[in-house]
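**Q** Before I ask anything, here is the structure I am working with.
Where a number appears in this text, it was derived from the coordinates with a stated rule and is not lab data. As the structure is a computational prediction, the values presented were derived from the model and not from experiment. All Cβ positions, even for glycine, are placed from backbone atoms using ideal geometry, and neighbour counts span all protein chains on display.
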Amino acid sequence: PYTTLFRSNRFEEMIQRSRGVDSDSLLIQTDTRHISHQVAPCCNPIMGDDIVGFLVDQKNIIIHRTNCMNAIELMTYDGSKIVKAKWNEFNDVQFLSGLQLIGQDRMGILNEIVRVISLYNKIYIRSITIETDDGMFDGTIKLYVRDTSELDRIARNLLEIEGVFKVRRLTS
């Protein structure tokens, strides 16, 4: 919704930087001098995910996780547009990713969740949304991480909080 309200080159560049993809983040098996690339919002791949690129037109490549349902459909029906891609592991970037948490609501649970995330150096929380109903909470956390292993480590530590029953990665 914000892209509709604030359509400007500077805003688009800021969004792209927050998604973690720049020309040095990916290694793509094609001549990319005149081709731009972006991550697919349906699966939001981050470093560490197995990825594949799809040539949308002569100037744009969309990067999906290989297990994304949209990517699987594209590979099945339009394999000629597949472009091999992998992350450049030597590029230190951060990716916007999200986690969903479900658990038992209690006094101080949000404080503990934030404390667990802040134990990691350079982990920035973009947003937290928690809703409660009948003693249970359902929340989403959007944060910047370097790769899937860092996101997995945070998820495991969140599961150790008393009352947190489920933590899963958000895909869109």
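**Q** Report the number of Lys pairs in the range 45-172 whose alpha-carbons are under 27 Å apart, with separation of 8 or more residues or on distinct chains.
**A** 8
**Q** First select every other residue whose beta carbon is under 12 angstrom from the beta carbon of Arg65; then total the charges, Lys and Arg +1, Asp and Glu -1.
**A** It works out to a net charge of -1.
**Q** Binning every alpha carbon pair distance of the range 68-172 at 5 Å from zero, what are the percents per bin?
**A** 2, 11, 20, 19, 15, 11, 9, 7, 4, 2, 0
**Q** Here's something else I'd like to know. How large is the convex hull of the Cα atoms of the range 53-116 per residue, expressed in Å³ as a whole number?
**A** 146
**Q** For the range 136-166, run through the GluC sites (Glu not before Pro) and keep only the ones in DSSP coil with at most 10 other Cβ atoms within 10 Å of their Cβ.
**A** Glu160, Glu162
**Q** Pick out, in residue order, every one of the trypsin sites (Lys or Arg not before Pro) in the range 59-125 that is DSSP loop and has at most 10 other C-beta atoms within 10 Å; say none if there are none.
**A** Lys59, Lys122
**Q** Whose amide H sits under 5 Å from the amide H of Asn88, counting only residues 5 or more places off or on another chain, with H placed in the peptide plane?
**A** Under 5 Å from the amide H of Asn88 lie the amide H atoms of Leu26, Leu27, each far enough along the sequence or on another chain.
**Q** Where Lys and Arg each count +1 and Asp and Glu each count -1, what net charge lies around Thr132 among other residues with Cβ under 13 Å from its Cβ?
**A** My count for the surroundings of Thr132 gives -4.
**Q** Also: For Ile46, list long-range residues whose amide hydrogen, built 1.01 Å from N in the peptide plane, is under 5 Å from its own amide hydrogen.
**A** HN-HN under 5 Å from Ile46: empty list.
**Q** Mind checking the full-extension length gain between Arg169 and Thr129? Use 0.36 nm per residue of separation minus the Cα-Cα distance, one decimal, nm.
**A** Using 0.36 nm per residue and subtracting the Cα-Cα distance, I get 12.9 nm.
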